Amino acid sequence: MNASMAALGGQNLLDKAIAYVSPKRAAERMLARTTLAMGGGYSGAGINKAQLSRWLTSPGSPNTDINPDLKVLRARSSDQMRNSPIAVGAIGQTVNGVVGTGLMFSAQVDGRFLGLSEQEAEAWNEDHDRRFHAWCDSIDCALERNLNFYGLQELSFRSELERGDIFWLTPMVPRAGRAASLALQLIEADRVCNPDGKPNTDNLVEGVELHPTTREPVAVHVARLHPGDALGKKNDWTRVNVRGEKSGRRNVLQSFQPLRPGQVRGVPWIAPILEPLKQLGRWTEAELNAAVTSSIFSVFLKMDPEAFQDIFEDDAKGAIVEQAGKWSGEMESGKAINLLPGEEPVSVAPTRPNPAFDPFWMAMVRQIGMALEIPVEVLILHFQSSYTAARGAMLMAAKFWRRRRDRMITNTCSPVHELWLAEEVTAGRIRAPGFFSDDITRAAWCAGVWTGDGPGSLDPQKEVTAAQARVDMEISTLDSESVAYDGVPWKVKHRQRAKEVAAQKRDGTYVQKAGAPAPASAPDDDRDATQRQSEADNTGPAHR
């Protein structure tokens, strides 16, 4: 601190001597010393280098840095998602890894807290899953009746990646012949905007109304028409409360990836790489056109000027010159091109395909993969390294997908399940005492596990062996390994497998596994395992 003050205001003997001889030079020395003292220790913040002199930045807030660019970012992101093979592949791989065929819920109520026996809890779980899965499988769960719940998950996540965020409306719409009235509606990011193009304010940011104190969203303004369809048409907006004023019910769900505290709207996933992505697409197109042109075989017919003058009449000469002059220069395979008298074709040695294309393209795609958190092997679906390297790439991608999946469950899937269950309890179709009494009891009734497709397998034999070892060491469970493999809970497979083994034993086709202990007693009749267990229960001590 003292050194800094001395640098800012003090003069040593040399400074005083220079000031006596040359005051101008002394002033320049003091200015340079002051600049150095006020500057920090990071070279990246310096402005004294030519490389950094034009790097001008400003410390903007999350909303001032993001909101002015949102419309252009969304439009360019959508363009690349339609036309860039890299962008199309990236979003396809991410949607497949995060959502896949859909995230499915399996109830696992906290029976101990709720005072349920193990059998009662299991029966409640089965009844719940039967009802919830029936609602999820039906297109009646969507307001437009065009997708089931799993299709809505995929569309929602895809739109969130492309446009930055997505909104779910959760109206109650009674329908003939359907018990549940919860209907879900997806609202694309562009439709949530300020009414009549009003500028943003402290409490209204890009269509989201904020609480003046807590800064939480309290309402959204939804345009009846998409801005892209509203050109020349009158548009109007509907204000939708995020939560019910008295009940606190979730009327609106917003899903996006916050990058900074205080951020209100999401940013398209590929926003940081839009420029290199577009430039790489242009270069790829240019190289492709050059390769096509170099592969074309055309014949140029050179005409002798003297023969042209002697053979053709004036009218014919004019027609030939006019026809040759119409050639635009475009090459076409197998075409014979007449040249004007005196013209000669200039042969250019073909240099396409460019041998440097693939290495440079791969170098750029690696950077794009880094920005998207997707290993390049997964991004381009090309595994040419060892099994260890390929598995490492898959595991890194799975980490990214798992994090995105967890956020999607938190933002949309779990709230939707809670809304559905609240309606079922209110209507009396599912019994859940204390569901509305407090948050802890409600959380106990809503407890469960969301599962999705597994990450796939590169070497099934090695991975099954590793899974068996984890179970034998008791650091994993059969259910965990089953879900990690293909997303299906173990109890579902076990129930089906028990039926299959019973049928094989009944038909005499069952083969004992090598090294497995023999069963205590083999069935001697055609009854399946379920019937025998039921009869055993009925002949237990209580029935004798």
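Placing a pseudo-label 7 Å from each Cα along the Cα-to-Cβ vector at SER414 and ARG402 gives an inter-label distance of 1.7 nm. Its Cα centre serving as origin, region 33-165 has a Cβ charge dipole (Lys and Arg +1, Asp and Glu -1) of approximately 1360 debye. Calculated over region 60-102, the projected area of the Cα convex hull averaged across directions stands at 4.2 nm². Note on ASP453: accessible area is roughly 50 Å² with a 1.4 Å probe, heavy atoms of protein only.
Pop out the carbon and sulfur fraction of the accessible area of region 169-262 as a percent, whole number, probe 1.4 Å. The nonpolar share, carbon plus sulfur, comes to 53 percent.
Given the alpha-carbon gyration tensor of region 185-253, what are the semi-axes of its equivalent ellipsoid in whole angstrom, ordered largest first, with each equal to the square root of 5 times an eigenvalue? Intermediate values should be presented prior to the final figure.
Working: eigenvalues 101, 43, 15 Å².
Working through the eigenvalues yields semi-axes of 22, 15, 9 Å.
Scattering from region 402-468 was approximated by placing one identical point on each alpha carbon and applying the Debye formula without solvent; log10 I(q)/I(0) at 0.23 1/Å stands at -1.00. A dipole drawn for region 96-233 from +1 and -1 charges on Cβ atoms has a positive end, and of LEU231, SER117, GLY164 the residue lying farthest that way is LEU231.
Could you give the length gained by full extension between ASN83 and ALA32, i.e. 0.36 nm per residue of separation minus their alpha carbon distance, to one decimal place? Write out the running numbers ahead of the final one.
On the way: separation 51, 0.36 × 51 = 18.36 nm, distance 5.27 nm.
Difference between extended and current length: 13.1 nm.
Treating r as the C-beta distance of ASP439 and ARG260 and R0 as 30 Å, the FRET efficiency rounds to 0.55.
Do the alpha carbons of any pairs in LYS491/LYS513; LYS198/LYS233; LYS399/LYS491; LYS71/LYS278; LYS233/LYS278 sit beyond 24 Å of each other, and which pairs?
Values: LYS491/LYS513 21 Å; LYS198/LYS233 17 Å; LYS399/LYS491 26 Å; LYS71/LYS278 17 Å; LYS233/LYS278 33 Å.
The answer is LYS399/LYS491; LYS233/LYS278.
Residue by residue, region 421-427 carries 3J(HN,Hα) couplings of 5, 4, 5, 5, 5, 4, 7 Hz when phi is fed to the Karplus relation 6.51 cos²θ - 1.76 cosθ + 1.60 (θ = phi - 60°); x denotes Gly or Pro. Residue-wise HN-Hα couplings along region 352-360, as the Karplus relation 6.51 cos²θ - 1.76 cosθ + 1.60 with θ = phi - 60° gives them from phi, are 10, x, 6, x, 8, 5, 5, x, 5 Hz; Gly and Pro carry x.
Shown here: region 69-189, whose C-alpha atoms stretch 56, 33, 23 Å along the first, second and third principal axes, sorted largest to smallest.
Solvent-accessible surface of protein heavy atoms, probed at 1.4 angstrom with all chains present, puts TRP490, TRP237 in the order TRP490, TRP237, largest first. Once the Cα-Cα distance is subtracted from the 0.36 nm per residue extended length, the ALA291 to GLU144 segment shows a gain of 48.2 nm. Sorted from longest to shortest, the spans of the Cα atoms of region 122-180 along the three principal axes equal 41, 30, 16 Å.
Taking 41 Å as R0, compute the FRET efficiency from the Cβ-Cβ separation of ASP472 and LYS499 and round it to 0.05.
Working: r = 26 Å, r/R0 = 0.63.
After rounding to 0.05, the efficiency reads 0.95.
Here the convex hull built on the C-alpha positions of region 439-492 has a volume of 99 cubic angstrom per residue. According to the calculation over all Cα-Cα pairs in region 193-232, the P(r) per 5 Å bin from zero is 6, 25, 28, 19, 11, 7, 4, 1 %.
How many percent of Cα pairs in region 27-130 exceed 25 Å?
Details: 3554 of 5356 pairs.
Everything past 25 Å amounts to 66 percent.
The values are calculated or read from the model by the stated rules, or taken from the named source; none is laboratory data. These numbers come from a predicted model, not from an experiment. Here Cβ is always computed from backbone atoms with ideal geometry, including for glycine, and neighbour counts include all displayed protein chains. Quick note on the areas: whole protein, heavy atoms, side chains included, nothing else; ligands and nucleic acids left out. Shrake-Rupley method; radii C 1.70, N 1.55, O 1.52, S 1.80 Å.
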